[in-house]
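Asks: Here's a structure for you.
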Protein chains: 6
Amino acid sequence: MKKTSTHIKEKLQQVSTATIATCLFKRGLKNQFIQGVTSLGSSKNTMVGEAFTLRYIPAREDLNPIEVFKDKKHPQRVAVENCPDGSVLVIDSRNNARAASAGSILVTRLMKKGAAGIVTDGGFRDSGEIAELPFPSYHKRPSAPTNLTLHQAIDINVPIGCGDVAVFPGDFVVGDADGVMVIPVNIAEEVADECLQMTHYENFVLEKVNKGYPIIGLYPLTDEKWINEFKAWKEAGGK
Amino acid sequence: MKKTSTHIKEKLQQVSTATIATCLFKRGLKNQFIQGVTSLGSSKNTMVGEAFTLRYIPAREDLNPIEVFKDKKHPQRVAVENCPDGSVLVIDSRNNARAASAGSILVTRLMKKGAAGIVTDGGFRDSGEIAELPFPSYHKRPSAPTNLTLHQAIDINVPIGCGDVAVFPGDFVVGDADGVMVIPVNIAEEVADECLQMTHYENFVLEKVNKGYPIIGLYPLTDEKWINEFKAWKEAGGK
Amino acid sequence: MKKTSTHIKEKLQQVSTATIATCLFKRGLKNQFIQGVTSLGSSKNTMVGEAFTLRYIPAREDLNPIEVFKDKKHPQRVAVENCPDGSVLVIDSRNNARAASAGSILVTRLMKKGAAGIVTDGGFRDSGEIAELPFPSYHKRPSAPTNLTLHQAIDINVPIGCGDVAVFPGDFVVGDADGVMVIPVNIAEEVADECLQMTHYENFVLEKVNKGYPIIGLYPLTDEKWINEFKAWKEAGGK
Amino acid sequence: MKKTSTHIKEKLQQVSTATIATCLFKRGLKNQFIQGVTSLGSSKNTMVGEAFTLRYIPAREDLNPIEVFKDKKHPQRVAVENCPDGSVLVIDSRNNARAASAGSILVTRLMKKGAAGIVTDGGFRDSGEIAELPFPSYHKRPSAPTNLTLHQAIDINVPIGCGDVAVFPGDFVVGDADGVMVIPVNIAEEVADECLQMTHYENFVLEKVNKGYPIIGLYPLTDEKWINEFKAWKEAGGK
Amino acid sequence: MKKTSTHIKEKLQQVSTATIATCLFKRGLKNQFIQGVTSLGSSKNTMVGEAFTLRYIPAREDLNPIEVFKDKKHPQRVAVENCPDGSVLVIDSRNNARAASAGSILVTRLMKKGAAGIVTDGGFRDSGEIAELPFPSYHKRPSAPTNLTLHQAIDINVPIGCGDVAVFPGDFVVGDADGVMVIPVNIAEEVADECLQMTHYENFVLEKVNKGYPIIGLYPLTDEKWINEFKAWKEAGGK
Amino acid sequence: MKKTSTHIKEKLQQVSTATIATCLFKRGLKNQFIQGVTSLGSSKNTMVGEAFTLRYIPAREDLNPIEVFKDKKHPQRVAVENCPDGSVLVIDSRNNARAASAGSILVTRLMKKGAAGIVTDGGFRDSGEIAELPFPSYHKRPSAPTNLTLHQAIDINVPIGCGDVAVFPGDFVVGDADGVMVIPVNIAEEVADECLQMTHYENFVLEKVNKGYPIIGLYPLTDEKWINEFKAWKEAGGK
């Protein structure tokens, strides 16, 4: 399993969220793009990891004084410490960025522990510092207020909604400049394989378009001429 | 406990959500009004009951074909059948009314079972029929599409967010023409008592205002004259 | 064709938008409910008719002085005069109710001409008067400003978006208290037939639920006992 | 002046907000409709009065404990007591209905004092009771939380924004089932006169449309035949 | 005409969208700024071209399987291939960025064909790659899902709405760091001329302000002293 | 006072908006973060200054022709000229960025006069040029249309709302990559002192987290070991 996971990740690292979206669309999954989140940093690396989730509900004032963090069992802190190696911490902040989901200390800790990234449909504080970490992070917009202002961490690793997408623990989460896609774990391997093939084809098309060829017949591949050229291109080692 | 619950409910039945909101505001709880929901019917009765919760996440297409309802364990149906007598079913629909949270058959069943009401921060289908039931129901707006279109029922009786309010199982839920307030269970009795007193005072004020008196000194009660009159009014049986 | 259309309409008159939504969901059509519109009147009659469409774009000030209405070819007025008997005028107002889509004079004219109803994803002016007409009308909210303020009528009877739904001329449009569903013309007959059957079943279920039976096994129909009872009920003339 | 004001009001009482909107549109004023507010009651009477304004800013917690109302100078209470006879209290709630702008006691007091109505681009609490007062009131939606939760009353009778409209003290404010229009005081008389004429014409058109005539040439009045008929209709006392 | 077009474009290349907005404001056109779109790249060059339009409606699932692109007449692909040299492809995506309007292959093709830019009130996929093309592109935010998920291309080169602006084929479209302005073709030449003059004046003002002078009397130019200085500055070749 | 102000500013310069937000949260102030604004430039310097405010209401067309700027008393221009040295101009644009709050000429003038920054809950025009000024500026998004299109400057240095925060003249305004916090003037000194201490502690934590230590017991500081280490770290000159 671990080995499979590594293979899947290696493939997903080479494909884009747009390609994954098309691949899932063909399977009838049209709602796997986390809406409205954007990458904080400017890294070109693709984020790939299994989802480890954290659920927030609205904060009730009496339950969320600053002292709650002294509780060593506070779910936000526990989630950070327990997020497995290679996983992406995905936070359900109810699409609300009016208070932070987390700040630079927690995100740094997550990075140090070996997580693959962090995603919230809310916002991060210390966003300037987070943006400079060599660690993929996605949010809606910066937000200085402490999470206790509006969010109470309540559950770890249960199915959640994030940016209007269902995220189940273990789903594969992929992020690039477009944003973040969620791939159901049961089809992750076949999706990774198909996306890799699609990516080779897209590279071929882009090469041709950059040479000035029109897209009709080439994209999608319907003209005999282009079908043959693509075949030859691949045989010549194109990808 | 059951007896206490009954006493609390009898008192809450006589007070308004506005009075409860002020009472909770004084205790530092400023975010207990479920935002954006409205009553479907035109009944004048106040809805009162303990919260029994249902959590929805976004629907993934492969997990939500029409056939899922054949599963006798489907959480939406189970929630309706298990909602205790005198409780209010509160649904976390992620503020999304683009598909229904439930329809008239489930709501009728809930009524028949003895529930006290139903609240969603999404929408109901068959809203015309639901509006005519002698049963309190609150939603954002009508919505014909089946819940499977956008919602997957995932958890029963866990803490949820509903209309931007934290709702814990067992909280007291009160609804009138303004909408729905949520009272933490641990302070419900004192809140009910205080609200009843506040209501008597408000009735006194309204009586005076309707007679043409100005509000300053009367509302709030700061003038000696009005303090004495209110005392006399209460002694004369006013409430 | 005309005859078919009449038959379809008679059937659709007896079913709800919620039932239609489920029927279309089963066929993979999940986005046929016009989002956010509500009925102005309080009539209990179901609106049914073929879509006749009108498309608005944003109004450019120099092209939309009050004088444009003197042009006998102005598309808004032409659309009203040309909307066929039994059709529903569906207006693409770009989900914008900050200015009116039409007012009581045009809506009255439409009614007099024999149209079946009017739907806009904007708002109507003179909404109090329109609400009292014996004519189904659906909008987002009342809006006093003349349509020229924000809308320019540009096209008649082309495919449009209305409330985030694709509406093609000739589609069947059905409205009730929940709002408005759009049925592709090519499947309208089979949908009408299936919905009528579903409605009979739902009536059976509601009858049983009102008698106090639980929904599991009954809704959907999975228990042998209920399957037989339903069969008997239908044979006894139930519908 | 007072006399003029009375004359203007008598005329405005007979016209609709839609007619006023068209009249102002012709003068280049395209943004005088208070967006998104709706009448609480079901009265058919038109609200007419001069604007008396109240400005809210966001509530800072330390400045807005419940005790502030004990201050006899609190601007919200002072505004209610000082709103002149025949005026409409217009509140700038920053389009925010998450807490109340006012409740039934203040609205009742305003009615008793002789005000002509109340408008907020927020919400009212005790909305069920306010709806039953013989007093025009307009808001976005009901809202139970006390205004102190989110609003601090800061200024009385200054220029404000309400529902995205500039409202200057003394402007004429007219409300009906469509919502609320604001007429600059300096053109109020001519607008009232023109609207009355327009209303007569619209009544004529509606009479004809109800008899089955098409609108082209009639609405607007471009056909010789209709021009003459309208002249005759007026001479015969039509209005 | 072609020559005129070239002259207009040369002038517009030297002016800002802010200057154009003020110039159109003076002519009563207050709604020509495409709301909410932002440049993907970091190029400092101003985009200028005539509008070539593409209209999307909501995607109905049965009409938008992945196979539709095999149709060589698919309007999205045809629009890209037919967009004339020097034109800007402007897409009406109904302000909806939840699925892509286009991706890097189509945008690259458009660039190769000699188009002047692309604008959508939705989002692009492959946004990282598009941002690096030497080609002006404007959207709301990145969006990985294929356009078929939510958009069906339906019309080419008809009047559309884009970001709440009316866009007619042939209008001049100008984009810079602020966003995108649309200039009606019939006044494009005079607007270009006037904007160039305004730009010279603004450059003069900025020069003075950078030297520490106050703006009153200088901006706008009402002081005799500044009027004379500006005259001298222009005579000395300032612009 | 002036001296105090300088001391406060020196301290606030060294702390983040996130730290200030937590410090204010502890004092019960949960709503001091200006929602939805972002820095235009990429400067790493923290903006600090006292609030000098400008209030906009919606623009009525007859009161806002381009000529109004010729009035040397126009509040927008006067506000810029009168904004004191070291102050931040904070503009209440009613959260509306559909027209500009100001452009590069005014912002440059403000910088030249010695202001500390500018904040609007609307948008700036000439945003590309403003972004390159060595001057902190915060807005929602770029906006080319002149402010007269939608905004009328009406009041200088009164209490306002900005991004849903109450801003009183003289409040301390602090901006960094997360956005902008507002500190009530009466607690500014103690907040600055406390934030400086909090920052030292956060630096200590980050140093430890970067060395690989877990956060529990360290953040917040509850473990004896870490309490002692922190004490030693400070004694050794850590900050």
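Asks: Given the conditions (1) touching a helix residue (DSSP H, G or I) at 6+ places or on another chain (Cβ under 8 Å); (2) closer than 27 Å to C:D62 by Cβ, report the number of the one that E:I105 does not fulfil.
Replies: E:I105 satisfies every listed condition except (2).
Asks: Out of contact with any Gly (no Cβ under 7 Å at 6 or more places or on another chain) and either among the polar types (S, T, N, Q) or within 14 Å of chain B (Cβ to nearest Cβ) (or both), is that true of C:V165?
Replies: Here the answer is yes, as C:V165 does meet what is asked.
Asks: Can you tell me which residue among A:A51, A:A21 is in contact with a strand residue (DSSP E or B) (Cβ under 7 Å, 6 or more places away or on another chain) and over 23 Å from E:T146 (Cα atoms)?
Replies: One residue alone meets the criteria, A:A51.
Asks: Taking the criterion of being over 24 Å from E:N82 (Cα atoms), among the aromatic types (F, W, Y), crowded, with 18+ Cβ neighbours inside 10 Å and at pLDDT 95 or above, would at least one residue in segment A:216-226 satisfy it?
Replies: The answer is no, given that none of the residues of segment A:216-226 is over 24 Å from E:N82 (Cα atoms), among the aromatic types (F, W, Y), crowded, with 18+ Cβ neighbours inside 10 Å and at pLDDT 95 or above.
Asks: Of all residues in segment E:52-95, how many are surrounded by fewer than 18 Cβ atoms within 10 Å (Cβ to Cβ) and on the phi > 0 side of the Ramachandran plot?
Replies: 1
Asks: Which is within 25 Å of E:L29 (Cα to Cα) and either more than 8 Å from chain D (Cβ to nearest Cβ) or not hydrophobic (A, V, I, L, M, F, W, C) (or both), of C:G122, C:G103, C:G128?
Replies: Of the residues listed, the single one that is within 25 Å of E:L29 (Cα to Cα) and either more than 8 Å from chain D (Cβ to nearest Cβ) or not hydrophobic (A, V, I, L, M, F, W, C) (or both) is C:G122.
Asks: Condition test on D:G170, is it crowded, with 20+ Cβ neighbours inside 10 Å, on the phi > 0 side of the Ramachandran plot and of a type in the set (G, A, S)?
Replies: Taking the combined requirement at face value, the residue does not satisfy it.
Asks: Okay, moving on. Under 7 Å by Cβ, and 6 or more places apart or on different chains, what pairs join a residue from segment E:154-178 that is within 19 Å of E:G123 (Cβ to Cβ) and free of Cβ contacts under 8 Å to residues at least 40 places away in the same chain with one that is acidic (D, E) and in a loop (DSSP other than H, G, I, E, B)?
Replies: none
Asks: Could you please give the count of residues in segment F:204-215 that are facing chain A (nearest Cβ under 10 Å) and either crowded, with 16+ Cβ neighbours inside 10 Å or in contact (Cβ under 8 Å) with a residue 12 or more places away in the chain (or both)?
Replies: 6
Asks: Here is a further query. Hey, could you check segment A:52-65 for residues that are facing another protein chain (nearest Cβ under 10 Å) and not charged (D, E, K, R) and say which is farthest from A:A166 (Cα to Cα)?
Replies: A:P65
Asks: So for segment E:19-26 (the condition being more than 11 Å from every other protein chain (Cβ to nearest Cβ) and within 14 Å of the chain's Cα centre (by Cα)), does at least one residue qualify?
Replies: No, segment E:19-26 contains no residue that is more than 11 Å from every other protein chain (Cβ to nearest Cβ) and within 14 Å of the chain's Cα centre (by Cα).
Asks: Right, another one. Give me a count of the residues in segment A:128-155 that are of a type in the set (D, E) and within 25 Å of F:G212 (Cα to Cα).
Replies: Matching residues across segment A:128-155 total 2.
Asks: With the requirement that a residue be over 10 Å from the mean Cα position of the chain (by Cα) and closer than 23 Å to C:G212 by Cβ, what does segment B:112-127 give you?
Replies: Across segment B:112-127, the qualifying residues are B:K112, B:K113, B:G114, B:A115, B:F124, B:R125, B:D126.
Asks: Which of the residues belonging to segment C:27-65 are small (G, A, S) and touching a residue at least 60 places away in the same chain (Cβ under 8 Å)?
Replies: Passing the criteria: C:G36, C:S39, C:G41, C:S42, C:S43, C:G49, C:A51, C:A59.
Asks: Here's something else I'd like to know. Considering each residue of segment A:30-51, count those that are more than 9 Å from chain E (Cβ to nearest Cβ), surrounded by fewer than 24 Cβ atoms within 10 Å (Cβ to Cβ) and more than 10 Å from the chain's Cα centre (by Cα), and give that number.
Replies: 4
Asks: If you don't mind, there's one more thing I want to ask. Tell me whether segment D:1-12 contains one or more residues that are of a type in the set (S, T, N, Q), outside any strand (DSSP E or B), within 14 Å of chain C (Cβ to nearest Cβ) and touching a residue at least 40 places away in the same chain (Cβ under 8 Å).
Replies: No, every residue in segment D:1-12 fails to be of a type in the set (S, T, N, Q), outside any strand (DSSP E or B), within 14 Å of chain C (Cβ to nearest Cβ) and touching a residue at least 40 places away in the same chain (Cβ under 8 Å).
Asks: Restricting to segment D:13-29, what's the tally of residues that are part of a helix (DSSP H, G or I) and crowded, with 18+ Cβ neighbours inside 10 Å?
Replies: Within segment D:13-29, residues that are part of a helix (DSSP H, G or I) and crowded, with 18+ Cβ neighbours inside 10 Å number 9.
Asks: Scan segment E:72-95 for residues that are under 27 Å from C:N96 (Cα atoms), assigned to a loop (DSSP other than H, G, I, E, B) and of a type outside the set (K, R) and report the count.
Replies: Residues in segment E:72-95 being under 27 Å from C:N96 (Cα atoms), assigned to a loop (DSSP other than H, G, I, E, B) and of a type outside the set (K, R): 2 in total.
Asks: Also, I was wondering about something else. Looking for whichever is free of Cβ contacts under 8 Å to residues at least 40 places away in the same chain, within 21 Å of F:T46 (Cβ to Cβ), in contact with a helix residue (DSSP H, G or I) (Cβ under 9 Å, 6 or more places away or on another chain) and within 12 Å of chain A (Cβ to nearest Cβ) here; the options are F:Y219, F:Y201. Which one fits?
Replies: None of the other options fit; the residue is F:Y201.
Asks: Which numbered condition in (1) in contact with an Asp or Glu (Cβ under 7 Å, 6 or more places away or on another chain); (2) aliphatic (A, V, I, L, M); (3) more than 17 Å from E:I105 (Cβ to Cβ) is the only one that A:L196 fails?
Replies: Status for A:L196: all satisfied but (1).
Asks: Still on this structure, please answer the following. Residue check: is A:V68 out of contact with any Asp or Glu (no Cβ under 9 Å at 6 or more places or on another chain), in a helix (DSSP H, G or I), more than 9 Å from every other protein chain (Cβ to nearest Cβ) and in contact (Cβ under 8 Å) with a residue 24 or more places away in the chain?
Replies: yes
The values are calculated or read from the model by the stated rules, or taken from the named source; none is laboratory data. Everything quoted here is computed from the prediction, not taken from an experiment. All Cβ positions, glycine included, derive from the backbone under ideal geometry; neighbour counts span all protein chains shown.
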